[in-house]
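The values are calculated or read from the model by the stated rules, or taken from the named source; none is laboratory data. This one's a predicted model, so the numbers in the text were calculated from it and none came from an experiment. Every residue, glycine among them, receives a Cβ derived from its backbone with ideal geometry; neighbour counts consider all protein chains shown.
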Amino acid sequence: MAISAQVVKELRDKTGAGMMNCKQALQETNGDFTKAIAWLRQKSLVTPTNTRITTEGLIGSYIHTGGKVGVLLEVNCETDFVSRSEEFQTLVRDLAMQIAAYANIEYVKVLDIPAEIIAQEQEIEIGRDDLAKKPDNIKEKIIQGRIEKRLKDMSLLDQPFIRDQSITVEQRIKQAISKLGENIQVRRFHRFVLGEGIEKPESNFAQEVAAQIGS
C-alpha cells in the first residue's frame with residue numbers, strides 16, 4: 001500500500017527511527033501506526049530523538065483549587081542554570097497544571113504505554129456493536145483510528161497544550177528547548193485524587209430495616 005511521507009515523518013518523530021526504517025515498518029504493518037511502532041521496537045530501532053543527558057531539572061507540583069487534585073512532576077534538563085530559569089520553571093508549572101486538568105493522562109508518551117494496555121484497547125474496539133455490520137477493511141480502519149486517538153488521549157505529549165490549544169504539549173516543550181538551548185525531558189509524574197483507592201462504606205438499607213424489625 002502507498003505510505004505518505006507525512007505519516008513516515010510522524011512515525012520518525014515519535015520513535016527516532018530512520019526514515020527508511022519507518023517506511024518499512026508501515027509497509028510491513030499495512031499502515032497501522034501502532035503496529036508499526038511495535039515492529040520498530042521488536043527490531044530495536046526505536047531511539048531517543050535527543051540523546052543529550054539530562055541530569056538536572058525540577059520536581060514541580062500543582063494543587064488544584066479545593067485541594068482535591070494534586071500533581072507531582074519531574075522534568076529534566078542539562079544544567080542547573082536552566083533549571084533555575086523562569087522559562088523552565090513556568091514550563092514545569094504549566095505541565096503539572098495540564099496533568100491535573102486531564103484525568104485521562106496516564107503516560108508521558110505513547111511509546112510508554114505497555115503492550116498489554118494497547119491489546120486491551122484493541123479488544124474493546126473490536127467488540128463494539130457499531131462495527132458489527134461494517135466490512136472488514138472499513139472495520140480495520142475505524143479500529144485503527146480509534147485506538148490511535150485513545151493512545152494519544154493517554155499520552156501527555158500528545159495533548160493540546162492547556163495555554164495554547166493550537167499546539168501540543170510536545171511542541172511546547174520543543175519551543176522551550178529551542179529557546180533555552182538544552183534538551184528537556186518529562187521523566188515521570190503522578191496525579192493524586194483525594195480519596196482515590198479508598199473503599200467507602202456502603203450502607204445496606206434492607207439489612208438495616210431487617211435489624212430494626214428483629215430488635
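Annotations for the structure displayed:
- Matching entry among Leu45, Leu91 (being surrounded by 13 or more Cβ atoms within 10 Å (Cβ to Cβ) and outside the structural domain of Gln185 (by TED's automatic domain parsing)): Leu45
- Segment 122-157 - residue that is in contact with a Leu (Cβ under 8 Å, 6 or more places away or on another chain) and within 22 Å of Thr15 (Cβ to Cβ) and, of those, surrounded by the fewest Cβ atoms within 10 Å (Cβ to Cβ): Ile143
- Given (1) touching a residue at least 40 places away in the same chain (Cβ under 8 Å); (2) at negative phi, index of the condition Gln42 fails: (1)
- For first residues located in segment 133-150 and outside the structural domain of Ala38 (by TED's automatic domain parsing) and outside any loop (DSSP other than H, G, I, E, B), partners that are of a type in the set (A, V, I, L, M, F, W, C) and surrounded by 11 or more Cβ atoms within 10 Å (Cβ to Cβ) and lie 6+ apart or on another chain with Cβ distances below 8 Å form the pairs Lys139/Leu131; Ile142/Leu131; Ile143/Ile126; Ile143/Leu131; Gln144/Phe33; Ile147/Ile118; Glu148/Phe33.
- Residues of segment 158-171 classified as farther than 18 Å from Ile113 by Cα, in contact with a Ser or Thr (Cβ under 8 Å, 6 or more places away or on another chain) and crowded, with 16+ Cβ neighbours inside 10 Å, total: 1
- If the condition is being part of a helix (DSSP H, G or I), in contact (Cβ under 8 Å) with a residue 24 or more places away in the chain and of a type in the set (S, T, N, Q), then segment 66-95 contributes Ser83, Gln89.
- When residues in segment 1-41 are screened for being farther than 18 Å from Ile143 by Cα, in a helix (DSSP H, G or I) and either at pLDDT below 85 or small (Gly, Ala, Ser) (or both), 11 of them pass.
- Subset of segment 98-126 [part of a loop (DSSP other than H, G, I, E, B) and without any contact (Cβ under 8 Å) to a residue 12 or more places away in the chain]: Pro114
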